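A quick write-up on the structure given underneath.
The values are calculated or read from the model by the stated rules, or taken from the named source; none is laboratory data. Since the model is a prediction, treat every value here as computed from it, not as a measurement. The area values use the complete protein model at the heavy-atom level, side chains included, leaving out ligands, DNA and RNA. Shrake-Rupley method; radii C 1.70, N 1.55, O 1.52, S 1.80 Å.
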Amino acid sequence: MKHLINICDMTPEQTRHVLAVAHELRDARAAGNEPILSGKTLAMYFEKPSLRTRVSFEQGMYELGGRVIVLGQGEVGLGQRESVADFTRVMEGMVQGIMARVYDHAMLEQMAAVSGVPVINALSDLSHPCQALADAMTMQDEFGEDLSGRTVAFIGDGNNVARSLAAICEKLGVTFIHSGPANFQLETDAPVERIGDPQAAVKNADAIYADTFVSMGQEDEKAARLKVFEPYQVNEQLLAAAPDHAIVLHCLPAYRGIEITDAVMDGPSSRVFPQAHNRLHAQKGLLAVLMGGL
Ligand code: CP
Ligand code: NVA
């Protein structure tokens, strides 16, 4: 495993290995992790805002003995001031890893095609594999390491987060259900059970997943999207249609009162904050594997 561009590029074994390393590093964290990335630098490039991804990678590198350089779109001018390939060829001679949050997924593929150092997708318009690792970790915390036979119901937009979640579900033997409006179906090669009625979609769900109805870059479509997605809010009524043990996940940031209610976010079924914290541990597992040879 050289890069992480999409979950579907990983084998089930690689997926389980990254998750196992993440759990091990989390277990050992209180006593202090070994500085396995000592002397190593991760360059982090952002075209979009971030809280969890930025902090989890920076803190994760720090906890493993490495460091980061954060680059913004304005200063780098990627694809404008210089080509993606030239950027990557310069970076690979100076740092030991590159992570990038971009609009155009093809940029990540161009980086990976020429890079001698690991390239990590920190979210693109197509996928969000780092999020999916933390999602799987959170489900493992709840249901045990072996998730096969479990069911996740993703309610809302068939977006980047849904695509990576569907992919990791396939790797781990989890049934993935999507419930969303007809024009916002998830396009993916991973298996998806499509159930239009959200109440029916959550009937056998072990986890219910919400994400924003308006992803970064879709702000112009906000009014139209909010209208069409209205029936897909994760609220107490929807939760009542799910098994009692079902947990609620959300990648965050959450637009409270839109795709998820306060009562659900802050209620007993919610695991959204442990899920956010797992971004740190999942990222450390990934960094340890890609940059630390674990
Ligand atoms: N879930 C997630 O990726 O959060 P950020 O956009 O804040 O990084
Ligand atoms: N689907 C959202 C996820 C944010 C972490 C977006 O792309 O904006």
- Query: Excluding same-chain residues fewer than 8 positions from K2, which aspartates and glutamates have a Cα within less than 16 Å of its Cα?
  - Reply: E13, E92, E109
- Please determine, in degrees from 0 to 90 and to the nearest 10, the orientation of helix 52-63 with respect to the longest principal axis defined by the Cα atoms of the chain, where the helix direction is its Cα long axis. 50
- Task: Note down the accessible area of I36, probe 1.4 Å, to the nearest 10 Å².
- Result: 60
- Row for region 95-159, column shape: gyration tensor on C-alpha, a ≥ b ≥ c, rounded if a/c < 1.5 i.e. under 1.5, prolate if a/b over b/c, else oblate; value oblate
- Query: Can you give the accessible area of L172 in Å² (nearest 10), computed on protein heavy atoms with a 1.4 Å probe?
  - Reply: 20
- Once the whole set of protein chains is in place, how much accessible area is left on H277, using a 1.4 Å probe, in Å² to the nearest 10? 120
- Message: Among the listed pairs K48/K284; K48/K222; K171/K222; K222/K284, which have their C-alpha atoms separated by more than 25 angstrom in this model?
- Response: K171/K222; K222/K284
- Task: Give the dimensionless ratio obtained when the Cα radius of gyration of the chain is divided by 2.2 N^0.38 Å.
- Result: 0.97
- When the chain is treated as a GNM, springs tying every alpha-carbon pair under 10 Å, which of E259, E13, E236 comes out with the largest mean-square fluctuation? E13
- Gain in length, R29 to V228, computed as 0.36 nm per residue apart minus the alpha-carbon separation, to one decimal in nm? 67.2 nm
- Query: In angstroms, what radius of gyration and Dmax does region 190-294 have, counting Cα atoms only?
  - Reply: 15.9, 48
- Message: Full-extension gain between A240 and Q185, please, as 0.36 nm times their residue separation minus the C-alpha to C-alpha distance.
- Response: 17.4 nm
- Message: Connecting C-alpha atoms closer than 10 Å in a GNM of the chain, tell me which of S270, S127, S83 has the biggest fluctuation.
- Response: S83
